Amino acid sequence: MAKGEKVSISVIRRLPRYYRFLSELMQQGTDHISSRELANVMGLTASQIRQDLNCFGGFGQQGYGYHVESLFQEVSRILGLDHPLKAILIGTGNLGRTIALHIDFETKGFSLAGLFDRNPAVIGTQISGMKVHSMDELDRFCQRERPQIAVLCIPKESAERVSERLIGLGIRGFWNFSHYDLAIGHKDIVVENVHMGDSLMTLSYRVHEAVEKEL
């Protein structure tokens, strides 16, 4: 890939799958693997594997394939997992609490530094050993800790206002569960909108399509 050329988002979205499958191969004791074998494991084509990895330098050897542990480390580096980003979570209702308790941020390239809520009933309580702070403390906390990422688990109607506030406090990326499609007019801000309902409806379409083909 030419210097300065951007990697396509479709390739980027496949990187975590490489990370996951390579991790499983390491656990199984696999030392090296060909592009064809890796493609079979991941449900891709050998050509796609080579094209994807060539975006970052290739890493394989003709006639040998890929050294699994080395490729795993390279993918980890590309994803930035060796340089964790400090994150905060806004909204500790059912969803926010579940994410704080069950998402292993440390293995995904993040360090969860703070939890925030407006509800007096939860402010001061602890989730997984972390204190829930009041939103009134957000500015001071961000100025002191300088987080780069915010996880939004707040109502749709609050998301735009809160996100603008967070950008002003130095947040540069959002993992957004608010059901509000953040279309922020800041070119240096990165947003991952998560719509679980959309995913479920996509599953509905695909199952119906598969059933119709069987008729």
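Do we find a residue being in contact (Cβ under 8 Å) with a residue 40 or more places away in the chain, surrounded by 14 or more Cβ atoms within 10 Å (Cβ to Cβ) and under 22 Å from the mean Cα position of the chain (by Cα) anywhere in region 42-53?
yes
Loosely packed, with under 13 Cβ neighbours inside 10 Å and either outside the structural domain of Ile90 (by TED's automatic domain parsing) or at pLDDT below 95 (or both): does that describe Tyr205? Working first, answer last.
Numbers: loosely packed, with under 13 Cβ neighbours inside 10 Å: yes; either outside the structural domain of Ile90 (by TED's automatic domain parsing) or at pLDDT below 95 (or both): yes.
Yes; evaluated as a whole, the condition is true for this residue.
Among the numbered criteria (1) surrounded by 15 or more Cβ atoms within 10 Å (Cβ to Cβ); (2) of a type outside the set (Val, Ile, Thr); (3) in a loop (DSSP other than H, G, I, E, B), which one does Gly29 miss?
(1)
Among the residues in region 165-174, are any over 22 Å from Lys108 (Cβ atoms), at pLDDT below 95 and in a loop (DSSP other than H, G, I, E, B)?
No: zero hits.
Looking at Gly58 and the list (1) within 29 Å of Asn176 (Cβ to Cβ); (2) part of a loop (DSSP other than H, G, I, E, B); (3) not hydrophobic (A, V, I, L, M, F, W, C), which single condition is not satisfied?
(1)
Going through region 86-116 one residue at a time, which ones are assigned to a helix (DSSP H, G or I) and either within 13 Å of the chain's Cα centre (by Cα) or not assigned by TED's automatic domain parsing to the domain that holds Gly170 (or both)?
Our first condition is that a residue be assigned to a helix (DSSP H, G or I); within region 86-116, this holds for 94-102, 105-108.
Listed by number, the residues that qualify are Ile99, Phe105, Glu106, Thr107, Lys108.
From the residues in region 152-186 that are of a type in the set (S, T, N, Q) and within 16 Å of the chain's Cα centre (by Cα), which one is surrounded by the fewest Cβ atoms within 10 Å (Cβ to Cβ)?
Initially, region 152-186 is screened for residues of a type in the set (S, T, N, Q), giving 158, 163, 176, 178.
Right, trim to within 16 Å of the chain's Cα centre (by Cα) and you get 176, 178.
Details: Asn176: 21, Ser178: 24.
Taking the candidates together, the pick is Asn176.
Which of the residues belonging to region 62-85 are part of a loop (DSSP other than H, G, I, E, B) and either touching a Gly at 6+ places or on another chain (Cβ under 9 Å) or under 12 Å from Gly109 (Cβ atoms) (or both)?
Leu79, Gly80, Leu81, Asp82, His83, Pro84
How many residues does region 54-98 hold that are small (Gly, Ala, Ser), surrounded by fewer than 17 Cβ atoms within 10 Å (Cβ to Cβ) and touching a Phe, Trp or Tyr at 6+ places or on another chain (Cβ under 9 Å)?
The number of residues fulfilling the criteria is 1.
Considering Gly124, Gly60, which residue is among the small types (Gly, Ala, Ser), modelled with pLDDT under 95 and touching a strand residue (DSSP E or B) at 6+ places or on another chain (Cβ under 8 Å)?
Working: Gly124 fails: modelled with pLDDT under 95.
It is Gly60.
Which number in (1) over 25 Å from Lys6 (Cα atoms); (2) modelled with pLDDT under 95; (3) not in a helix (DSSP H, G or I) marks the one condition that Val41 misses?
Val41 satisfies all of (1) over 25 Å from Lys6 (Cα atoms); (2) modelled with pLDDT under 95; (3) not in a helix (DSSP H, G or I) except (3).
The values are calculated or read from the model by the stated rules, or taken from the named source; none is laboratory data. Just so it is clear, the structure is predicted and the values come from calculations on it, not from any experiment. All Cβ positions, even for glycine, are placed from backbone atoms using ideal geometry, and neighbour counts span all protein chains on display.
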